[in-house]
Amino acid sequence: MKLPPFEYACPASVAEAVALLASRPGEAKPIAGGQSLVPMLAFRLAAPALLVDLRKLADLRKIAIGADGVRLGATVRWRDIQDEAALGTAHPLLKAAIAHVAHYQVRNRGTVGGSLAHADPAAEMPGIAVTCEAEIAVAGPSGARNIRATDFFLGPLTTALALDEIIVEVRLPAWPARRRWGFHEFARRRGDFAMAGAAVFYDEADGKAANAHVGVIGVGDRPQRLAAVEAVLNGQPVDAATIARAEQAASATVEPQDDIHASAAYRRALVGTMVERALKAASA
Ligand SMILES: Cc1cc2nc3c(=O)[nH]c(=O)nc-3n(C[C@H](O)[C@H](O)[C@H](O)COP(=O)(O)OP(=O)(O)OC[C@H]3O[C@@H](n4cnc5c(N)ncnc54)[C@H](O)[C@@H]3O)c2cc1C
């Protein structure tokens, strides 16, 4: 289908982009990779009067790795993450999760900021942001602010971002070298959105898990951390018995809905299996 008509602007700075959005309250939208927005335009699910293209904002296309963690600029593409070898040690969980995003063509264009702003409950990047307690830095007409990922996602395709704000970067806290982690998801075809997925990590002290983080995607209206599963893990050796209890806790905690792809009961069972497999990988 052809897109509805729109005006187009391609600003050269974040300030200019924000000013353009603010100049047309509620009628302007940023466009980054276009991999979610263009289909939405085609299906008339969105019809902004003005598209503000972020592609010239070179400062937003940076991956910075430092003692304080990893900072991904908003227009960093999935392909950039896959190509950045240093992320293999600086944030292996991120790298493993992003390998599941879509297909080669989509990964060449889709961006970190676009995915966070789009807020698909089954998307990997929002799931990693929530699991890892990331902060999302945004810029708006009244200046900059940081939003915790757990406060950012409000529901399907709904975030705490104001209409005249853009995401500038996402900050993932530092990743200790000996941390244990796993990521597992199930999609009907490789590259499809996950029907359910789990990201887990924990640190080890005296052979027992500490600081456990368990996040899931595809089983609710937004990515979520499962405190009940983390409580099962913390202070315990991550052995077969603990993993079995974690699996049960995951299935019991989530509240998915029936939809055209699967029943709620199926997704509840599936997410337990995803947590189990991610934990087996982490403990191995
Ligand atoms: C066939 C197909 C399969 C896919 N499979 C997956 C998958 O398995 N997992 C997955 O996670 N994703 C998947 N995607 C989505 C893909 O990852 C998108 O690229 C991503 O969701 C949006 O990124 P984008 O840069 O293309 O954003 P765009 O489409 O340009 O924008 C999406 C939304 O974000 C807003 N936006 C963009 N950038 C910013 C910013 N910096 N600040 C504020 N708002 C902004 C736009 O206004 C729009 O509302 C798939 C897409 C396709 C077409």
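Laid out as a table, the results:
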read-out	value
Cβ-Cβ under 6 Å pairs, at least 6 apart or on other chains, segment 23-43 side more than 22 Å from P141 (Cβ to Cβ), far side among the basic types (K, R) and within 11 Å of the ligand (Cβ to nearest atom)	G33/R109; Q35/R109
Leading residue by the ranking (nearest to the ligand (Cβ to nearest atom)) among those in segment 64-75 that are aliphatic (A, V, I, L, M) and surrounded by fewer than 22 Cβ atoms within 10 Å (Cβ to Cβ)	A64
Flag if V52 is within 12 Å of the ligand (Cβ to nearest atom), within 18 Å of I166 (Cβ to Cβ) and crowded, with 16+ Cβ neighbours inside 10 Å	yes
Any hit, segment 27-45, residues being polar (S, T, N, Q) and either within 13 Å of the ligand (Cβ to nearest atom) or assigned to a helix (DSSP H, G or I) (or both)	yes
Failed item in (1) among the hydroxyl-bearing types (S, T, Y); (2) at pLDDT 95 or above; (3) surrounded by fewer than 15 Cβ atoms within 10 Å (Cβ to Cβ), with T159 passing the rest	(3)
Entirely in segment 170-284, the strands (runs of 3 or more DSSP E) that have 2 or more residues that are without any contact (Cβ under 8 Å) to a residue 40 or more places away in the chain and surrounded by 18 or more Cβ atoms within 10 Å (Cβ to Cβ)	208-217
Pairs where the first residue, in segment 96-123, is on the phi < 0 side of the Ramachandran plot and touching a residue at least 40 places away in the same chain (Cβ under 8 Å) and the second is of a type in the set (S, T, Y) and more than 6 Å from the ligand (Cβ to nearest atom), C-beta under 8 Å, 6+ apart	T111/T75; V112/T75; G113/T75; L116/T159; A117/T159
Residue check, A96 within 14 Å of the ligand (Cβ to nearest atom), touching a strand residue (DSSP E or B) at 6+ places or on another chain (Cβ under 6 Å) and not hydroxyl-bearing (S, T, Y)	yes
Odd one out for L172, checked against (1) farther than 29 Å from T89 by Cβ; (2) away from the ligand (no atom under 14 Å from the Cβ)	(1)
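To keep it simple, each residue is scored yes or no on (1) outside the structural domain of A269 (by TED's automatic domain parsing); (2) within 30 Å of A12 (Cα to Cα).
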site: G155; (1), (2): yes, no
site: I166; (1), (2): yes, yes
site: R189; (1), (2): no, no
site: A196; (1), (2): no, no
site: A199; (1), (2): no, no
site: H213; (1), (2): no, no
site: V219; (1), (2): no, no
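The values are calculated or read from the model by the stated rules, or taken from the named source; none is laboratory data. This structure is a prediction, so every number in the text was calculated from the model and none was measured. Backbone-built Cβ (ideal geometry, glycine too); neighbour counts: all protein chains shown.
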